[in-house]
C-alpha cells in the first residue's frame, strides 16, 4: 500500500476546447480507482470535475464530493458518489477538501482551479502542510502559470526561504508515482504533512 490514500483533484467545471483534457481526466480517474486511491473533489457533475469522478466510480473507486449549497444546481451535484458533503460556503468546502486529501493535483481549469491551487501553494509556502502538490501540465496547459512562477522567482518575490516544492508532470500516468515519491521523501526526512489550517490539526498521510 502506498502512502497516498486520497487525492484532491482541482479541475474545470467545463470541458474546455481541447478534447484531450476530458480523456486525461477519465484516465486519471481510472488510475486512482485501480490503485485504491480515493478521489476528493468539488462534488459537481459537470465538465472535467464530473468526468474524473464518474471515471473513478465506473472503475470501482471511492469518491468524496464536497459542494456548497449554492452550487448544487449550478454544478449539477453528482449524487452517485459514496460520500457527499454539502456545506454552507466555499471556505468550508476548501477546508474539508484539504483535510480529507493526502495530496493535490491541478488538472486544466479556470479561475476556481487556479485559486485552489495557489491557495495550497501558499499554505505550503507558509509551512502549514507538506502534502504533495502537483501541477498536471498536460499538453502545456499550465505553461503560462509556470512561466509566471519562474518570473516571480527571478524577481526575488519567491525566495529560497519561501520556495514551494511543487511537482510538475505532462503525463497522466506519472501523476500518482510522482505524488508517492514526494510523500516518501517527506517521510524519509522525518517529517509529516502537517499542520493546522483554519484551526484544524492534521494527522499522518
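The values are calculated or read from the model by the stated rules, or taken from the named source; none is laboratory data. Not measured: the values here are computed from a predicted model. Positions of Cβ are generated from backbone atoms using ideal geometry, with glycine treated the same way; all protein chains shown enter the neighbour counts.
Quick look at the values:
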read-out	value
Residue 126 being free of Cβ contacts under 8 Å to residues at least 12 places away in the same chain, under 24 Å from residue 161 (Cα atoms) and surrounded by fewer than 15 Cβ atoms within 10 Å (Cβ to Cβ)	yes
Output for segment 71-87, where each listed residue is at pLDDT below 90 and more than 23 Å from residue 37 (Cα to Cα)	71, 72, 73, 74, 75, 76
All helices (runs of 4 or more DSSP H) inside segment 54-162 with 3 or more residues being more than 18 Å from the chain's Cα centre (by Cα)	143-154
Odd one out for residue 90, checked against (1) modelled with pLDDT of 95 or more; (2) in contact with a strand residue (DSSP E or B) (Cβ under 8 Å, 6 or more places away or on another chain)	(1)
Residue check, residue 119 touching a strand residue (DSSP E or B) at 6+ places or on another chain (Cβ under 6 Å) and either more than 24 Å from residue 35 (Cβ to Cβ) or at pLDDT 95 or above (or both)	no
